[in-house]
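S.K.: Quick one: the structure is below, and I'll ask about it shortly.
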Amino acid sequence: MDYLEDQELEAEALAAIFDTSFEIISSSPNHWKIALFPTDTFDPDECIEVNHVGCDLIVKLSDTYPDCLPELDVEIIRGLGPEQQETLLSLAMEEAEQFVGMPAIYSVCEKIREWLGDNNVKGLDDQSMHAQMLRRARDEEQKKVQAKQQFESQKVKEELSQTETEEMAVLKRRAEGTPCNKEHFEAWKEKFDKEMEELREQEEEEESQREKITKKGAIKKLDEEELMESRSTGFEQSSQKL
């Protein structure tokens with residue numbers, strides 16, 4: 001592996017990404033500085049207005065990088081104190097350790113920028129006791145929010161997993177069907193016979209109701225015919241008398 005060539009290619013990529021924020025301090029050995037802020041802007045006045053915090057990432061590479069860790073340091077540009085400086089350096093080293101054997105500096109920069117974006121507030125460089133207490137209270141609140149979000153996310157995943165498991169079980173039962181043995185057949189036969197008996201009873205009841213209705217209709221019709229016949233007979237008798 002040509003370590004020097006790989007480092008030069010990484011420097012070219014970083015220069016293309018960070019533009020004037022990337023500076024080569026030395027090329028033998030490679031020694032770089034990258035200015036990092038929550039929001040990128042080419043206007044210096046706007047940069048100060050929207051970015052309350054910022055830092056420089058200092059990078060020194062050994063002859064065998066990226067097969068070994070880079071030497072990293074963090075220098076404060078604005079809005080941060082020693083406590084935040086240590087936090088950022090710790091984050092940078094943790095991120096670099098995950099990329100041993102690969103170019104790591106861009107990922108380290110993004111990790112730092114993510115932290116800066118989440119903490120882009122005024123007053124982090126205030127080292128008074130009151131300010132430190134407020135920061136600790138805010139950090140605790142952020143941890144609670146993050147813990148709640150993680151809990152809710154895990155809960156959703158578990159519910160989805162349980163739902164998927166139940167759906168798979170249903171599909172499996174449908175695919176396999178119910179095994180046919182004597183016990184299952186007798187249970188099915190008993191249920192089937194009961195349903196058929198209930199159906200016959202319902203049909204007989206309906207037939208009985210229809211017969212009653214038909215009989216009532218016939219009786220009514222007969223009564224009407226008798227009434228008409230009686231009227232007709234009475235009319236004929238009256239006519240004969242006349």
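S.K.: Determine if segment 178-193 includes at least one residue that is open to solvent by 70 Å² or more (accessible area, probe 1.4 Å), under 20 Å from Pro82 (Cβ atoms), at pLDDT 75 or above and among the basic types (Lys, Arg).
M.R.: Scanning segment 178-193, I find no residue that is open to solvent by 70 Å² or more (accessible area, probe 1.4 Å), under 20 Å from Pro82 (Cβ atoms), at pLDDT 75 or above and among the basic types (Lys, Arg), so the answer is no.
S.K.: Right, here's the next one. Kindly list the number of the only condition in (1) in contact with a Cys (Cβ under 7 Å, 6 or more places away or on another chain); (2) closer than 30 Å to Leu4 by Cβ; (3) β-branched (Val, Ile, Thr); (4) in contact (Cβ under 8 Å) with a residue 40 or more places away in the chain that fails for Ile76.
M.R.: (2)
S.K.: I need a count of the residues in segment 1-13 that are in a helix (DSSP H, G or I) and closer than 19 Å to Cys68 by Cα.
M.R.: As a first pass, look at segment 1-13 and keep what is in a helix (DSSP H, G or I): 3-13.
Next cut, closer than 19 Å to Cys68 by Cα only: 3-11.
Residues that pass the stated criteria total 9.
S.K.: I want to confirm something. Restricting to segment 1-15 and keeping residues that are more than 23 Å from Val74 (Cβ to Cβ) and of a type outside the set (Asp, Glu), which single residue is least open to solvent (accessible area, probe 1.4 Å)?
M.R.: Among residues in segment 1-15 that are more than 23 Å from Val74 (Cβ to Cβ) and of a type outside the set (Asp, Glu), the one least open to solvent (accessible area, probe 1.4 Å) is Tyr3.
S.K.: Filter segment 18-46 down to residues that are open to solvent by 40 Å² or more (accessible area, probe 1.4 Å), under 14 Å from Asp73 (Cβ atoms) and under 36 Å from the mean Cα position of the chain (by Cα), then give me how many there are.
M.R.: 0
S.K.: Sticking with this one: Within segment 51-66, can you find the residues that are more than 16 Å from Glu8 (Cβ to Cβ) and touching a residue at least 24 places away in the same chain (Cβ under 8 Å)?
M.R.: Within segment 51-66, Asn51, His52, Val53, Gly54, Cys55, Leu57, Ile58 qualify.
S.K.: Within the bounds of segment 49-58, is there any residue that is in contact with a His (Cβ under 9 Å, 6 or more places away or on another chain) and hydrophobic (A, V, I, L, M, F, W, C)?
M.R.: Checking segment 49-58: at least one residue is in contact with a His (Cβ under 9 Å, 6 or more places away or on another chain) and hydrophobic (A, V, I, L, M, F, W, C).
S.K.: Filter segment 48-71 down to the residues that are more than 35 Å from the chain's Cα centre (by Cα) and in a strand (DSSP E or B), then identify the one that is surrounded by the most Cβ atoms within 10 Å (Cβ to Cβ).
M.R.: Val59
S.K.: Which of the residues spanning segment 15-58 are modelled with pLDDT under 90 and of a type in the set (A, V, I, L, M)?
M.R.: Passing the criteria: only Ile48.
S.K.: Within the set of pairs 6 or more residues apart or between chains, which connect a residue that is without any contact (Cβ under 8 Å) to a residue 40 or more places away in the chain inside segment 89-106 to a residue that is surrounded by 15 or more Cβ atoms within 10 Å (Cβ to Cβ) and aromatic (Phe, Trp, Tyr) with Cβ atoms less than 9 Å apart?
M.R.: Within 9 Å, the pairs are Leu91/Trp115; Ala104/Tyr65.
S.K.: Which of the residues that make up segment 127-152 are of a type in the set (Gly, Ala, Ser) and modelled with pLDDT under 65?
M.R.: Ser128, Ala131
S.K.: Any residue in segment 72-81 that is open to solvent by 40 Å² or more (accessible area, probe 1.4 Å), among the charged types (D, E, K, R), modelled with pLDDT under 95 and assigned to a strand (DSSP E or B)?
M.R.: Checked against the condition, which is being open to solvent by 40 Å² or more (accessible area, probe 1.4 Å), among the charged types (D, E, K, R), modelled with pLDDT under 95 and assigned to a strand (DSSP E or B), segment 72-81 yields at least one hit.
S.K.: Given the structure, is Ser62 in contact with a strand residue (DSSP E or B) (Cβ under 6 Å, 6 or more places away or on another chain), under 24 Å from Leu91 (Cα atoms) and hydroxyl-bearing (Ser, Thr, Tyr)?
M.R.: Working: in contact with a strand residue (DSSP E or B) (Cβ under 6 Å, 6 or more places away or on another chain): no; under 24 Å from Leu91 (Cα atoms): yes; hydroxyl-bearing (Ser, Thr, Tyr): yes.
Spelling it out, it is not the case that Ser62 is in contact with a strand residue (DSSP E or B) (Cβ under 6 Å, 6 or more places away or on another chain), under 24 Å from Leu91 (Cα atoms) and hydroxyl-bearing (Ser, Thr, Tyr).
S.K.: Just one of (1) surrounded by fewer than 19 Cβ atoms within 10 Å (Cβ to Cβ); (2) modelled with pLDDT of 95 or more trips up Ala96, so point out which.
M.R.: Failed condition: (1).
The values are calculated or read from the model by the stated rules, or taken from the named source; none is laboratory data. What you are looking at is a predicted structure, and each value in this text was computed from that prediction instead of being measured. Reconstructed Cβ throughout: ideal geometry from the backbone, glycine too, with neighbour counts over all protein chains shown. Accessible surface areas use protein heavy atoms only, side chains included; no ligands, DNA or RNA. Shrake-Rupley method; radii C 1.70, N 1.55, O 1.52, S 1.80 Å.
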